[in-house]
1. Under a point spin-label approximation (7 Å from Cα along Cα-to-Cβ), what is the Arg114-Arg12 distance to one decimal in nm?
2. Bin width 5 Å, alpha-carbon pairs only: give the P(r) of region 64-146 as whole percents, running from 0 to the bin holding the largest distance.
3. At what distance in nm do the modelled label points of Thr140 and Arg30 sit from each other, each positioned 7 Å from its Cα along Cα→Cβ?
4. In the neighborhood of Ala15, defined by Cβ-to-Cβ distances under 12 Å, what is the net charge if each Lys or Arg adds +1 and each Asp or Glu adds -1?
Amino acid sequence: MASLNPARSALRLAAGPGPDPDRGLLTVARILDDTTDRPPDTAGPLVVLSACETDLTTRDHDESLTLATALVARGVADAVGSRWAVRDSRTAVMMAVFHHFLTADNLAPPDALRATQMWMLDPDRTPPPTLHGELRHEMTGPDLGRIHHWAAFTHQGNPAPVAVTGQPRPGSADCSRGRLP
């Protein structure tokens, strides 16, 4: 959820009942103010923010202060977010293919994002074996390769490739749709 004040941009999380109007909001300010018990040399997780405008600031021309970059500043190794509103159906396909490239092809997050974007541009794309049902049907849409469906997503954080051993980088985890581990 983008805000006029970059520090107030937030993820809306499930919240229990209560009088606080900000309950359930994980703001950029809160992310940056929270402390962590993780040693600084420990690799952080991958966080995938597939919701709209999770890597966007709309005020003060400070494109560097977003939900994604705040998470990187607090120790997340990699964050993927979007710069503009995206269609849920196309994003669901994109995220399924992105996770396929991460896991089956063992690509590092920036490489998996690029491979996914190239896959979406390919008019002869082949669905990964993990793509089933509605997602498989959705990938046949005539406009899947249109720029506004895939170019909104950016990678922030560690540009390092997967380790030479073929194993994922330490600390890799997923946090889709704004849910933190």
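1. Result: 3.6 nm between the two label points.
2. 3, 14, 23, 23, 18, 11, 6, 2, 0
3. 4.3 nm
4. Numbers: positive: Arg12, Arg23; negative: Asp20, Asp22.
Overall, the nearby charge balance is 0.
Bear in mind that the values in this text are calculations on the coordinates, not laboratory data. The model shown is predicted, which means the values in this text are computed figures rather than measured ones. Backbone-built Cβ (ideal geometry, glycine too); neighbour counts: all protein chains shown.
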